[in-house]
There are 2 protein chains.
Amino acid sequence: MSLTEFELIERYFHACGAERGDVKIGVGDDAAVLQCPADAHLAAAVDTLVEGVHFPRGSSARSIGHRALAVNLSDLAAMGARPAWALLALTVREADERWLAEFAAGLGTLARTHEVALVGGDTTHGPLSVTVTVLGHVPPERALRRDGGAAGDAVFVSGTPGDAAAGLALEQGRLPPGPHAQYLQRRFLFPTPRLALGERLRTLAGGCIDVSDGLLADALKLARASGCGVELTASALPLSAPLRDTVGLARARELALYGGDDYELCFTVPAQALEQLAAELPPAEWGYTRIGTLQREPGARVRDEHGVRAVHAPGYDHFAGG
Amino acid sequence: MSLTEFELIERYFHACGAERGDVKIGVGDDAAVLQCPADAHLAAAVDTLVEGVHFPRGSSARSIGHRALAVNLSDLAAMGARPAWALLALTVREADERWLAEFAAGLGTLARTHEVALVGGDTTHGPLSVTVTVLGHVPPERALRRDGGAAGDAVFVSGTPGDAAAGLALEQGRLPPGPHAQYLQRRFLFPTPRLALGERLRTLAGGCIDVSDGLLADALKLARASGCGVELTASALPLSAPLRDTVGLARARELALYGGDDYELCFTVPAQALEQLAAELPPAEWGYTRIGTLQREPGARVRDEHGVRAVHAPGYDHFAGG
């Protein structure tokens, strides 16, 4: 091996993200030094992607780089925060230059799109995993919280949940490829953090959560934190045409409710703010859909053609599900 | 498996660190929300420990928890920053409650000692590794940097380097246990981040780096960043009595120069500030020693009884050495 750890970090990650004037000391010292705006609080999130758990072995390095940052940006979006800086802890089995270049391209492209500077890193030797920490800003007392919902609030979701779960199944060969395979796989490999929507929702939404473990599971987390239950309406779920065409309506609804890796926003809006929401953020333009209601009764329920049924322990859990 | 990921995080890490009034939203939402002081910059560092690379398989969970935070606090110490918050990304093969309780005790005890709040986390399933991100504060334009040294500056190190390398060798059975085994093993298992010293050095030191890859390797990094070379004097190395007694003088010097995992501070002080340093921080009280000098000539050199010799590519590299 000819590259030292130091050279590796220097070469691929020094100029990987956006340039920002508020980075006083960036990659290359013991710690980064950053200037926070005086009128904002700091938002901070961390997420790890492990090979074989969060992405299949042999996944494209570009996708892994993109997703490692995207899943964290999605957490900031769910708080209504604007991202600024990221730190990368990368564990790889070997220093493969081509892999690293692709990984850095995936992470760097998304970082520059959202003006995120990569300010620190640690590269270690071991089974492939990526941990990204993102830092951003949010006006004091204005962060969107999970516990901001109330019984009677309308429940919304952005985008078209279920696509990513179908994309993962295609990646893994569990679903036969069809004419929409590429679209669905891209929804898994390159999720879109809903940062602009999150920021606009600060003044409109009650509660907000990012959808990573499955829409119903995450909606239930929001409902529980808000001291409520949640009822979703199957026929209201925004299913993409590629998803419906590929797996049929019933399976599409299942994937939308229980599939993971969507990185969409699930948020609640009080009845009296619904008109303002529609006026300020036209749904057709901003891409979100009303899918249900927070209710006083705890638990998660789905309403479909056959009535309302309670759903227990929905969604993906890294330990329970394995 | 009966615990869900969410319950795991809640149970062990919710109240693990210090309580701080500047944590507006802590563990349990999509991101933490933190209030930064108006008169400080933010310092941020990330480090990963991988089982089998940074600690032996089967290491005590309490030590792993302590070290995962300590190595990051050491990075903040090297910047002269005061820590405030930490985020934990923990990857474990299984949700072993006893292991998690011990790990949380190790991390939490050190966190509370330094008033660090644990504000975010992600627990995932996979080969054991721990990534901690620490955030702290440092007065604007006062951070200690690697590139702050100059030719002629005196070079110092805190503590007694080499102890941790001997401790690791004892842990791995590469060194036969003797009467000092416990002391040396503790220096590896429970390193002490030199935070108080780092803060005091802000007004006194030129350059500073934390010693993790070996004293000579890290002193050379500081020298290079400062556009210099470095000469260390073997007879000046502060060797602990347990280390000398266990491995003899010659091997003790080698471990002090080339062994890793010390988490001490290596710093430089201009000649005209040496008196002030000794007056404000009496060496006997603060535990640091002059070990050499920054020089105009690039590279690393060691002076001993036989003269001065150049040293090439010293120290541990996770890829080159690994």
Problem set entry | For residues of B:131-144, the mean tally of beta carbons on other chains within 10 Å | 5
Problem set entry | Test item: Cα-centred dipole of region A:5-138, Lys/Arg +1 and Asp/Glu -1 on Cβ, debye | 400
Exercise. Say we join alpha carbon atoms closer than 10 Å with springs in a Gaussian network model of chain A; which of A:164, A:205, A:15 then has the biggest fluctuation?
Worked result: A:15
Exercise. If we hang a label 7 Å off Cα along the beta carbon direction at residue A:286, how far is it from the matching labels on the other copies, in nm, shortest first?
Worked result: 5.5
Exercise. So how far, in whole Å, is the C-alpha centre of region B:170-225 from the one of region A:29-102?
Worked result: 29
Seminar exercise, completed: Asked for the total accessible area buried by A and B (1.4 Å probe, Å², nearest 100), one would answer 5100
Exercise. How many nanometers, to one decimal and shortest first, lie between the label point of residue B:14 and those of its other copies, if labels sit 7 Å from Cα toward Cβ?
Worked result: 4.6
Problem set entry | Theoretical ellipticity at 222 nm over chain B - DSSP helices of four or more residues, -39500 (n - 2.57) apiece, nearest 500 | -10500 deg cm²/dmol
Exercise. So for the pair residue B:249, residue A:93, with labels modelled 7 Å out along Cα→Cβ, what separation do we get in nm?
Worked result: 4.8
Problem set entry | Estimated dipole of region A:86-166 in Debye, rounded to 20 [Cβ of Lys and Arg +1, of Asp and Glu -1, Cα centre] | 140
For this session: Run through the other copies and list how far each one's label point is from that of residue A:241, in nm with one decimal, shortest first; the point sits 7 Å from Cα along Cα-Cβ.
Result: 8.3
Exercise. Using 7 Å Cα-to-Cβ label points, what is the residue B:297/residue A:141 separation (nm, one decimal)?
Worked result: 6.5
For this session: Return the carbon/sulfur percentage of the accessible area of the protein assembly as shown, one whole number, probe 1.4 Å, all protein chains in place.
Result: 48
For this session: Could you state the orientation-averaged shadow area of the convex hull built on the Cα atoms of the protein assembly as shown, in nm² to one decimal?
Result: 28.6
Exercise. In terms of the Cα gyration tensor, with a ≥ b ≥ c the square roots of its eigenvalues, is region B:3-121 rounded because a/c is under 1.5, prolate because a/b exceeds b/c, or oblate?
Worked result: oblate
For this session: Give the residue from B:307, B:110, B:149 lying farthest towards the positive end of the charge dipole for chain B; charges sit on Cβ (+1 for Lys and Arg, -1 for Asp and Glu) and the dipole is referred to the Cα centre.
Result: B:307
Exercise. Region A:109-126: which residues show an accessible-area loss of 40 Å² or more, assembly versus chain alone, 1.4 Å probe?
Worked result: A:122, A:124, A:125
Seminar exercise, completed: With every protein chain kept in place and a 1.4 Å probe, region B:146-311 has an accessible area per residue in Å² of 41
Exercise. Which part of region A:150-176 falls in the paramagnetic zone of residue A:308, meaning amide N under 17 Å from the point 7 Å along Cα-to-beta-carbon?
Worked result: A:150-156
For this session: For chain B, set up a Gaussian network in which alpha carbons nearer than 10 Å are linked by springs, and say which option among B:292, B:28, B:120 fluctuates the most.
Result: B:28
Exercise. Just how large is the dipole of chain B about the Cα centre, in debye to the nearest 20, putting +1 at every Lys and Arg Cβ and -1 at every Asp and Glu Cβ?
Worked result: 760
Exercise. Can you list the trypsin sites (Lys or Arg not before Pro) in region A:275-313 that are in a DSSP coil and have 11 or fewer other beta carbons within 10 angstrom?
Worked result: A:296
Exercise. Rolling a 1.4 angstrom probe over the protein heavy atoms, how many square angstrom per residue are accessible across region B:5-138?
Worked result: 31
Seminar exercise, completed: FRET efficiency (residue B:151, residue B:236; Cβ distance; R0 22 Å; to 0.05) is 0.70
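The values are calculated or read from the model by the stated rules, or taken from the named source; none is laboratory data. Model, not experiment: these values are computed from the prediction. All Cβ positions, even for glycine, are placed from backbone atoms using ideal geometry, and neighbour counts span all protein chains on display. SASA here: full protein model, heavy atoms, side chains in, ligands and nucleic acids out. Shrake-Rupley method; radii C 1.70, N 1.55, O 1.52, S 1.80 Å.
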